[in-house]
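Following: one structure in structure tokens, then a few remarks.
The values are calculated or read from the model by the stated rules, or taken from the named source; none is laboratory data. Predicted model only: the values in this text are computed from it and were never measured. Cβ atoms come from the backbone with ideal geometry, glycine included; neighbour counts cover every protein chain shown.
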Amino acid sequence: MKRRDFIINSALAVGGAALLSGCSKKEIKKAQNQVVRRKFDNTDTPLIALGCMRLPMRNGKIDMVELDKMVEYAMAHGANYFDTAYMYVEGKSENAIGEVLKKYPRESFILADKCPAYLVNKPEDVRRLFEEQLKKCQVEYFDNYMVHNINQNTLSNYRDNDMYGEILKLKKEGKIKHLGFSFHGDPQMLKEVINEHKWDFCQLQLNYLDWEVVNADDLYQIADEAGVPVIVMEPLRGGVLCNLPEKAVQTLKEKCPNDTQASFGLRWVAGKERVFTILSGMSNLQQVKENIDTFVNYREFSKEEEKVAHEIAQIIQSQGAISCTACKYCMEVCPRGINIPAIFGLYNMYKGSTQPNRSFMFVYNYKALKESEKADKCIDCKLCNKNCPQNLDIPELLKTVAKEVKEAEKGMA
């Protein structure tokens, strides 16, 4: 280990955070090549941003040396947007990114944070949590601040405690610049939430796989029609789109030889005009370099590449635990309107993922389906079986998925 790295890690290990805090503001050495940017309100925003949910780890702790290098490289190339949240990395993300960013002039970076709706039991909790987050991040204001993770379980907390109104007060006080929300619910819920108030932006899960198998296209359309700018989370589906099946890898190499798996997925998301920045949960410097390179040498996504994305999504579907190709023939005859391809797609992603948060993502994306579309609504009429080109026993597979959802929920408790 280099002497500088040893000193920083040793100091942090014994509570010596003052080693970093005592430094004067760091000069940003601008690289010649800068990432492309998009306008959001009056803010010039990088199209790629560092999501702080999957920070680098070493011996069970956040690797502050690696994080410092990641931030330095990002800042040098104009990727100066950082997104954190109260519960990320077991509640340590805010402290970590705040410790690194405090070396830079406050106006040189864009920092986003979120109010944890599940912890808000009365309106005054919003300000209490907010002040705690400011302290942890060592800043006096947040550029973007959100109601975090509006979904079926947190909707009542958000509404009953007027979280929008409480955060709006903070905005009027100059403690945040833009007010938004992140979302993990169904389209109908999004339509209600997005039209309840005047939002500066929303944060949605978009990627070319979810576009095919769940309701990402519907969510994006709702935001687009409402004229609300979009921040994208999970553009690579928690790493799923960086670990493609071999057949999909070959397809990408043959038809898009200038792309990596990551750059292809990120460019697809950037092709959506309402999107103003894309969060990528980078875990090491190499990932930062690769993602930044995608937006330094940015290429618009073509119509031909859209066809490739659709083809790869189908391959992922067909090679999962359930060999569904999402043809939707089953849905043509289902009397209950169950979203069979979406359910099987989520199950395949769950079974094929090695990410530590795979159960969380599986359960939350499943719950985002309309209640009438879920697996337990099957009446076992077997009409779908007659229409399935893959000869799947769909009712039995739906029972399997419903059981797995319950098991995943138990594991999260």
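For every residue, the table says whether it meets (1) surrounded by 21 or more Cβ atoms within 10 Å (Cβ to Cβ); (2) hydrophobic (A, V, I, L, M, F, W, C); (3) under 30 Å from VAL89 (Cβ atoms); (4) in contact (Cβ under 8 Å) with a residue 24 or more places away in the chain.
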site	(1), (2), (3), (4)
ASN291	yes, no, yes, yes
VAL308	yes, yes, no, yes
GLN314	no, no, no, yes
GLN319	no, no, no, yes
CYS327	no, yes, no, yes
ILE343	yes, yes, no, yes
TYR366	yes, no, yes, yes
LYS370	no, no, no, yes
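Would you be able to say whether some residue in the stretch 163-171 is assigned by TED's automatic domain parsing to the domain that holds ASP83, touching a His at 6+ places or on another chain (Cβ under 6 Å) and part of a helix (DSSP H, G or I)?
Among the residues of the stretch 163-171, at least one is assigned by TED's automatic domain parsing to the domain that holds ASP83, touching a His at 6+ places or on another chain (Cβ under 6 Å) and part of a helix (DSSP H, G or I), which makes the answer yes.
With respect to LYS92, determine if the residue is surrounded by fewer than 20 Cβ atoms within 10 Å (Cβ to Cβ) and over 24 Å from TYR158 (Cβ atoms).
Answer is yes for this residue.
Which ones in the stretch 57-78 are farther than 14 Å from MET282 by Cα and among the small types (Gly, Ala, Ser)?
Residues satisfying the conditions are GLY60, ALA76, GLY78.
Conditions (1) charged (D, E, K, R); (2) more than 15 Å from the chain's Cα centre (by Cα); (3) assigned by TED's automatic domain parsing to the domain that holds ILE340; (4) more than 19 Å from PHE301 (Cα to Cα), marked per residue:
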{"position": "HIS184", "(1), (2), (3), (4)": "no, no, no, yes"}
{"position": "HIS197", "(1), (2), (3), (4)": "no, yes, no, yes"}
{"position": "ILE222", "(1), (2), (3), (4)": "no, yes, no, yes"}
{"position": "GLU225", "(1), (2), (3), (4)": "yes, yes, no, yes"}
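In the list LEU241, LEU279, LEU252, LEU266, which residue meets the criterion of being out of contact with any Gly (no Cβ under 6 Å at 6 or more places or on another chain), within 26 Å of SER359 (Cα to Cα) and buried (at least 18 other Cβ atoms within 10 Å of the Cβ)?
Going through LEU241, LEU279, LEU252, LEU266 in turn, the sole match is LEU266.
In the stretch 173-183, is there at least one residue being buried (at least 20 other Cβ atoms within 10 Å of the Cβ), touching a Ser or Thr at 6+ places or on another chain (Cβ under 7 Å) and hydrophobic (A, V, I, L, M, F, W, C)?
no
Take the residues of the stretch 389-413 that are hydrophobic (A, V, I, L, M, F, W, C) and under 13 Å from ILE338 (Cβ atoms): which is surrounded by the fewest Cβ atoms within 10 Å (Cβ to Cβ)?
Taking the candidates together, the pick is ALA402.
From the list SER323, SER359, which one is hydroxyl-bearing (Ser, Thr, Tyr) and either within 17 Å of ASN243 (Cβ to Cβ) or modelled with pLDDT under 80 (or both)?
SER323
Restricting to the stretch 140-162, count the residues that are surrounded by fewer than 18 Cβ atoms within 10 Å (Cβ to Cβ), of a type in the set (Ser, Thr, Tyr) and not in a helix (DSSP H, G or I).
Of the residues in the stretch 140-162, 1 are surrounded by fewer than 18 Cβ atoms within 10 Å (Cβ to Cβ), of a type in the set (Ser, Thr, Tyr) and not in a helix (DSSP H, G or I).
Take the residues of the stretch 182-214 that are of a type in the set (S, T, N, Q) and within 14 Å of VAL232 (Cα to Cα): which is modelled with the lowest pLDDT?
So the residue we want is GLN205.
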